[in-house]
Amino acid sequence: MNQTFAPKVDFFDVVQSISKALDYAFPHIVSHHVRVAYASLRISRYLRYDRQAEANCLIAGMLHDIGVLYEGHSGEDAQIDTGDDCHARIGYHLLKEDAIFGAYAPIIRDHHSFQAGVTLTEHIPIEAQIINLADMIDPLISDDLDMVEQRAVVKNKLEALLAEGFPPYMIRAYKRLILQDDFWLDLRASDLPVILKQQVKRFEIEFNAGLLVAYAQLMAHLVDFKSRFTSTHSSGVAATAEYVARIIGFSEVECIEIQAAGLLHDVGKIAIPNTILEKADKLTAEEFERVKAHAYYTNKILDVIQGIDRIKTFCAYHHEKLNACGYPYSIPGAQIPLIGRIISVADIFTALTEDRPYRKGMDEASVRSIFCDMVERGELDNRVTRVLMENYPAINHYREMAQQQAREGYTAFINRIQENQLGPTGMDRIPARLMSDTEAKPTVWEM
């Protein structure tokens, strides 16, 4: 392998991977973010804004509801309230310091300003106003109505928004836009992400080590912060896997890949409702099948980014076993790369040793016994497990320090939400599960 990690990746694909994760989290509003992005792009072009504004509308439109993941929704029936800007502000604090998406945070923060009772002014980014309008119209779009009926419904909504004080020039732009048949056909197309990608100039970025880790950390936050029970799990897996890999002798570049894979391995849990992740009783067979699918969803979310195939494979195989009894692909051990085996061992080790709100991590003797049994059953790589066991104190300490750092970051994130601009009513909407260390005990299914 080359001693530098900097594949060229399409920036649109990176954004789309997050949009796809949001689709999995909220299947009842699938493609909402892509439709809002498409409508916002078309509005910005009609208004003849520059290419940067168009790009901002596209990217922020695909990410605009990212903060909803922190509002306690199960993913089954979450409603994105177009009159509530709490999730917009959460999204802002999530992204404002991000190395990749920080520039779009102010747009996301203000994309509900009109509904939140704030008069639209020059201080609100024009892109936020455009996304605001597209976001209000999107819930009206239905496959059950033909284009004539659809236009009438949207026109009535636009008239109401005009009466409420929404910028007239934007209303006029949307009225012109809805007269174009291709606009409606595109919005209803199953391949809208492909259509949207064709609408924009190809923009490749060098996915160097810094950007790769920044992306991985953001995606880990999406799933880890979704449930207090796993708010530092990905960081523990990344630290454990990286430490083991260094002992085995992997290069610095490979260790960066391993760190990223550890952070990304569970992103597919975004598709699993919190009602299952945090269930206090034993999971039913059907519920456990849904849990098992999370590695499959991880694979699908990462699959849209061309150029990180190795990392995708490491993540997708983290629940496979050498005896081909793993999931979701049941592949034989010969097909599981060594780094994938390391991620698997690190995942189990972290799940067993980390503290959770409902229980303390297992003691060393118990962990060693479990690993010994799994190796004997032909489930785990003996070499990787031996390295872990021979360096148990040092690796466990490194894992603890990494998770403590992640925990402090999590707490700082919640404090920023509490302290910045939400006010008393906004604070009332911050879910207790994000702020409490005591919750009902869920079923332990991590392995």
Order by protection proxy (mean Cβ within 10 Å, highest first), peptides 41-52, 85-96: 85-96, 41-52
Largest first, what is the accessible-area ranking of 362, 389 with a 1.4 Å probe? 362, 389
Would you mind checking 20/157; 282/312; 20/300; 226/269; 175/201; 279/360 for any pair whose Cα atoms are more than 20 angstrom apart? 20/157; 282/312; 175/201
Relative contact order for the chain, counting Cα pairs under 8 Å that sit 6 or more residues apart, in percent: 19
Point-to-point label distance, residue 362-residue 419, nm (Cα→Cβ direction, 7 Å offset): 3.9
Summing -39500 (n - 2.57) over every DSSP H run of at least 4 residues in the chain and dividing by its residue count gives a helix-only mean residue ellipticity at 222 nm, to the nearest 500 deg cm²/dmol, of -18000 deg cm²/dmol
Here are several values of Rg and Dmax of the Cα atoms in Å: [x] 22.9, 72; [y] 30.9, 112; [z] 21.0, 63. Which one was derived from the coordinates shown? [x]
To the nearest 0.05, the calculated FRET efficiency linking residue 181 and residue 296 through their beta-carbon distance, R0 being 45 Å, is 0.75
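Ordering 349, 203 from largest to smallest accessible area (1.4 angstrom probe), what's the sequence?
Putting 349, 203 in descending order of accessible area: 203, 349.
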Report in % the part of the accessible area of the range 132-251 that belongs to carbon and sulfur, leaving out ligands and nucleic acids; probe 1.4 Å. 52
Placing unit charges on C-beta atoms (Lys and Arg positive, Asp and Glu negative, everything else neutral), compute the dipole magnitude of the chain about its Cα centre in debye, rounded to 20. 440
Straight distance only, please: which aspartates and glutamates reach the Cα of residue 155 with their own Cα at less than 20 Å, same-chain residues fewer than 8 apart left out? 135, 138, 143, 144, 146, 164, 181, 182, 186
Could you work out how far helix 147-163 tilts from the main Cα principal axis of the chain, as a 0 to 90 degree angle to the nearest 10? 80
Along the range 387-403, Karplus-curve 3J(HN,Hα) (6.51, -1.76, 1.60; θ = phi - 60°) to the nearest Hz, with x for Gly and Pro, reads 4, 4, 5, 6, 10, 3, x, 5, 5, 5, 5, 5, 4, 4, 5, 5, 6
Reported to the nearest 10 Å², residue 372 has, with a 1.4 Å probe, an accessible area equal to 70
Estimated inter-spin distance, residue 194 and residue 146, nm [label 7 Å along Cα→Cβ]: 2.7
Quick one: helix 338-353 against the long Cα principal axis of the chain, what's the angle to the nearest 10°, folded into 0 to 90? 90
Select from the range 120-206 those trypsin sites (Lys or Arg not before Pro) which occupy a DSSP coil region and have at most 16 other Cβ atoms within 10 Å, ordered by residue number. 188, 201, 202
Residue 28 accessible area, assembled protein chains, probe 1.4 Å, Å²: 80
Using a 1.4 Å probe on heavy atoms of the protein chains only, the accessible area for residue 213 in Å², nearest 10, reads 30
Using a 1.4 angstrom probe with every protein chain in place, what is the largest-first accessible-area order of 35, 310? 310, 35
1/(1 + (r/R0)^6) with r = Cβ-Cβ of residue 407 and residue 169, R0 = 41 Å, i.e. FRET efficiency to nearest 0.05, evaluates to 0.30
Extending each Cα 7 Å along its Cβ direction at residue 46 and residue 156, get the distance between those two points in nm, one decimal. 2.0
Which value, in Å², gives the accessible area per residue of the range 103-247 when a 1.4 Å probe is used on the protein heavy atoms? 42
For helix 51-63, what angle does its Cα long axis make with the longest principal axis of the chain, in degrees from 0 to 90 and rounded to 10? 60
Can you tell me the FRET efficiency between residue 30 and residue 251 if r is taken as the Cβ-Cβ distance and R0 is 35 Å, rounded to the nearest 0.05? 0.30
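The values are calculated or read from the model by the stated rules, or taken from the named source; none is laboratory data. Being a predicted model, the structure only gives us computed values, none of them experimental. Positions of Cβ are backbone-derived with ideal geometry, glycine not excepted, and every protein chain shown enters the neighbour counts. Ligands, DNA and RNA are stripped out before the accessible areas are found, and what is left, the full protein with its side chains, is counted by its heavy atoms. Shrake-Rupley method; radii C 1.70, N 1.55, O 1.52, S 1.80 Å.
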